[in-house]
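Contents: one structure, followed by commentary.
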Amino acid sequence: GSGQYVWAVLEGWQPPRVPPDAALRAELDALDAAELHARLAALDPDAAGRLDPNNPRRLVRALEVVMRTGKTLAACQARRPVGADVLVLGLRLPREELYARLDARTEAMFAAGFVDEVRRLRDDGYGEAFAVRSGVGYKEVSAYLDGEYDLDEAVRRMKNANHRLVRRQNAWFKDTDARIRWLEAGQDAPKRCVEAVRAWLETP
């Protein structure tokens, strides 16, 4: 998610130099997320504890690195922080208010034809694409179109998935992280962000 990408850039994460192994990936792709996570936990408990157990793509890549190198994932990940002063601004919103906004957006997406969008993607041959099968919302609507549950359940599951995403984002952007300048969200938030940037730029 975006939290990982932000810190990857600022902290200069260096991805493991392990090329893709098509044969190994084909073997691992036959396993579900729970089986992949269990295998990773046996080989690299630290990596298994850090990665999302429901993200097969990341689990497969971690297993690929660990199995190809014989080292832990952490041992293969170097960091070279950027040599620059950086200002990171974060906007805070009460959790329940954020959930309410996400729920309203979910309902608006369905009212605007979200199901038809996913159906068109499937009709165009993208039904098995990772983004359709695993993306928040697309995954739930695909399951609805497959007859796994009704539309109300798809909406409920999409809302819950968005709530989980919020919790994961909070794990990347912590209130206690001294690198982040936190501001309260609201109508005047853009103005206060501009003021914070100006003050930072003018600091000797």
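The values are calculated or read from the model by the stated rules, or taken from the named source; none is laboratory data. Because the structure is a prediction, the values reported are computed rather than measured. A quick note on method: Cβ atoms are made from the backbone with ideal geometry, for glycine too, and the neighbour counts reach across all protein chains shown. Accessible surface areas use protein heavy atoms only, side chains included; no ligands, DNA or RNA. Shrake-Rupley method; radii C 1.70, N 1.55, O 1.52, S 1.80 Å.
Observations on the model:
- Cα shape, segment 15-102, gyration tensor, a/c 1.5 rule: oblate
- Carbon + sulfur, % of accessible area of the chain - ligands and nucleic acids excluded, 1.4 Å: 53
- FRET efficiency, N160 to T203 (Cβ-Cβ, R0 35 Å, nearest 0.05): 0.25
- Subtracting the Cα-Cα distance of L10 and T176 from 0.36 nm times their residue separation leaves 58.0 nm of extension gain.
- Cα shape, the chain, gyration tensor, a/c 1.5 rule: oblate
- On a per residue basis, the chain carries 64 Å² of accessible surface, using protein heavy atoms and a 1.4 Å probe.
- Spatial separation of Cα centroids for segment 22-49 and segment 154-187, in angstrom: 27
- Restricting the trypsin sites (Lys or Arg not before Pro) of segment 6-45 to loop positions (DSSP other than H, G, I, E, B) with no more than 10 neighbouring Cβ atoms within 10 Å leaves R17.
- For segment 64-118, the list of trypsin sites (Lys or Arg not before Pro) that fall in a loop by DSSP and count at most 14 other C-beta atoms within 10 angstrom reads K71.
- The modelled label-to-label distance between A131 and A30, using points 7 Å beyond Cα along the C-beta direction, is 3.0 nm.
- Residue range of the chain that is longest and free of GluC sites (Glu not before Pro) which are both DSSP loop and sparsely packed (at most 13 other C-beta within 10 Å): 12-127
- Oblate is the label for segment 160-204, because the ratio a/c of its alpha-carbon gyration tensor axes (a ≥ b ≥ c) is 1.5 or higher and a/b is not greater than b/c.
- Estimated [θ] at 222 nm from DSSP helical runs (n ≥ 4, -39500 (n - 2.57)) normalised by residues in the chain, nearest 500: -18000 deg cm²/dmol
- Accessible surface for D175 stands near 100 Å², nearest 10, in the context of the full protein assembly shown (1.4 Å probe).
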